[in-house]
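Single-structure report; data block below.
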């Protein structure tokens, strides 16, 4: 009897963690008071994801933020690097193309003279011309591969942030990222390696889509807290993120990803405490077995030891699943937010532009599987995204899939419930993968067309652009996506 109780308890531990890792988080409900940011400076608009669903945060005194883009208003766009000179918007396409061609020629001459900084600035400016973007991107990548040329961190930004974070935070660097963290070194090293894999996967997928991503100019910044409460305090005070359910986010104005170690999450710690309590029960059964031996009750002692052995083995398996769930959750949300960070620092997505929700979140979500499975991620991989596909299949079976026309024209998630947000994330991921596998070049062209567009768009505009790029959306069957 005692062994059966322990096994049920161990199962409850697993169920508790599964809810934390895959279940939707509470949302800013429609009509509820939205979180307010502190004055005077408006904080970064936030790309956030609570384990598996993300909702928008509304800025104080501002229009509703668009969660499909890290920039809700043009005056809040991340400024270009200091050595980047914008073209005049009055220049004709022909004149702009001529200037871009000249910039590329001048950059090549400067590279021959080893004046790399000036050459890079010219190539980045030439990249802004759609006609010359492919060549400018290729020359930038060639420059970045030269011996002795490497991406540097923004030393002032990192130093200032370290001073605010405190002496317990350490600096970890990879070829593409700076990670500031107070978490255990091994955990941080694992996350840093995942960031580099995500970066490699990201550029691999962009190449297949013929999207001319440029190298990011500085190492990208990630802040990883060991303690969830310290993370929430930082999120609230530094980036104006007040929603308790936000488990990680990309802040565009500060241009960084912020997250925490899920192993320290209260739900995970509660699950471990339950497992430890059950192990205490197992120890009692072993003691009872010893007493049974002393009484000469060999059969009773054998039954007790068998129950204790079975229960202990199940509890260990459950604890391993708890730890695996914590690692998978931390990895998936970090990779998801890192893809937002990469997209907006490589020109794949551009500040001040409007992107439909399914595109921005489908792109980021499609890389989560690699983090969960420990291998490569992206829309050309299927491992690690079973829960997303299961959500879509369940929605289809119950007739609750969003109309595809509504999905492709949706811009944000502010008024959605948590269940609606979870549904839209799963469907966005499925739609992105379907379109990628059908024609990655068409998807890449669509992404670049949106990046070169100016001005706001209506749902009808977004639907029309989708139809032009991919045909009738009603022909797409998300439930059959594998």
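The values are calculated or read from the model by the stated rules, or taken from the named source; none is laboratory data. Quick caveat: nothing in here was measured; it's all calculated off a predicted structure. Positions of Cβ are backbone-derived with ideal geometry, glycine not excepted, and every protein chain shown enters the neighbour counts.
Screening residue 208 against (1) under 24 Å from residue 156 (Cα atoms); (2) over 17 Å from the mean Cα position of the chain (by Cα) leaves a single unmet condition, (1). With respect to (1) assigned to a loop (DSSP other than H, G, I, E, B); (2) more than 26 Å from the chain's Cα centre (by Cα), the lone exception for residue 253 is condition (2). The requirement of being under 22 Å from the mean Cα position of the chain (by Cα), over 23 Å from residue 258 (Cβ atoms) and touching a residue at least 60 places away in the same chain (Cβ under 8 Å) is not satisfied by residue 130. Among the residues of segment 378-400, which ones are modelled with pLDDT under 85 and in a loop (DSSP other than H, G, I, E, B)? If the condition is that a residue be modelled with pLDDT under 85 and in a loop (DSSP other than H, G, I, E, B), then 381, 382, 383, 384, 385 are the ones that fit. Taken together, the criteria place residue 338 among residues that are under 27 Å from residue 228 (Cβ atoms), crowded, with 20+ Cβ neighbours inside 10 Å and touching a residue at least 24 places away in the same chain (Cβ under 8 Å). Residues in segment 139-150 that are assigned to a helix (DSSP H, G or I) and more than 27 Å from the chain's Cα centre (by Cα): 139, 142, 143. Considering every residue within segment 174-194, establish whether at least one is outside any loop (DSSP other than H, G, I, E, B), at pLDDT below 95 and buried (at least 23 other Cβ atoms within 10 Å of the Cβ). Yes, the conditions are met somewhere in segment 174-194.
Checking each residue in segment 226-247 for being within 19 Å of residue 191 (Cβ to Cβ) and in a loop (DSSP other than H, G, I, E, B) picks out 226, 227, 246, 247.
Here 93, 70 are screened, and the one residue that is at pLDDT below 95 and touching a strand residue (DSSP E or B) at 6+ places or on another chain (Cβ under 6 Å) is 70.
Restricted to segment 246-274, and to residues there that are farther than 21 Å from residue 183 by Cβ and surrounded by fewer than 22 Cβ atoms within 10 Å (Cβ to Cβ), the residue that is modelled with the lowest pLDDT is 274.
Listed here are the residues, each with its yes/no results for (1) without any contact (Cβ under 8 Å) to a residue 24 or more places away in the chain; (2) touching a helix residue (DSSP H, G or I) at 6+ places or on another chain (Cβ under 6 Å).
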{"residue": "170", "(1), (2)": "yes, no"}
{"residue": "177", "(1), (2)": "no, yes"}
{"residue": "183", "(1), (2)": "no, no"}
{"residue": "186", "(1), (2)": "yes, no"}
{"residue": "192", "(1), (2)": "yes, no"}
{"residue": "198", "(1), (2)": "no, yes"}
{"residue": "202", "(1), (2)": "no, yes"}
{"residue": "207", "(1), (2)": "yes, no"}
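Considering every residue within segment 292-312, establish whether at least one is within 30 Å of residue 158 (Cβ to Cβ) and either out of contact with any strand residue (DSSP E or B) (no Cβ under 6 Å at 6 or more places or on another chain) or touching a residue at least 60 places away in the same chain (Cβ under 8 Å) (or both). Within segment 292-312, not a single residue is within 30 Å of residue 158 (Cβ to Cβ) and either out of contact with any strand residue (DSSP E or B) (no Cβ under 6 Å at 6 or more places or on another chain) or touching a residue at least 60 places away in the same chain (Cβ under 8 Å) (or both). Considering only residues that are touching a helix residue (DSSP H, G or I) at 6+ places or on another chain (Cβ under 6 Å) and either closer than 27 Å to residue 391 by Cα or not in a helix (DSSP H, G or I) (or both), which ones fall in segment 443-468? Matches in segment 443-468: 443, 446, 459, 462, 463, 466.
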